[in-house]
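Structure, as structure tokens:
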Amino acid sequence: MHSAYNSSEGHMSNSCQDLATLHILGLQSRPRKAPKIHECYCLPPPPIILKANTNGSSRGNPGLAGWGVIFRDNNGVVHSTLIRGLGVCTCYVVECKAIVECITKAIELG
């Protein structure tokens, strides 16, 4: 087991259970590499326009999922938000649901 461990380049999530197992086996943990941070900017919309940002995600694919929408004006003032949990579904379905609900709310807001 030690020779396989030494030749492996993998890593673990290092949960409490993972760390306890490694300790029992006399192996050291291998932390994940730090995530790469990307800068992004949210540009405001022109005056009198509300901008909607949507997102949907799931834990696994399929997995427990939810979506959210936020509507902001050109000053960054939040005018409306929506969030919903969907139970278990795929990433694609939850992203689409966020877009559909966003359009429905945009029509309601005029």
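Where a number appears in this text, it was derived from the coordinates with a stated rule and is not lab data. Source: prediction; values computed, not measured.
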Subject >> Principal axes of the chain: Cα extent on each, largest first, Å >> reply: 65, 31, 20
**OP:** Evaluate the relative contact order of the chain (contact order divided by residue number), counting alpha-carbon pairs under 8 angstrom at least 6 apart; express in whole percent.
**Re:** 19
Subject >> Using alpha-carbon coordinates, inclination of helix 91-109 to the longest axis of the chain, degrees >> reply: 20
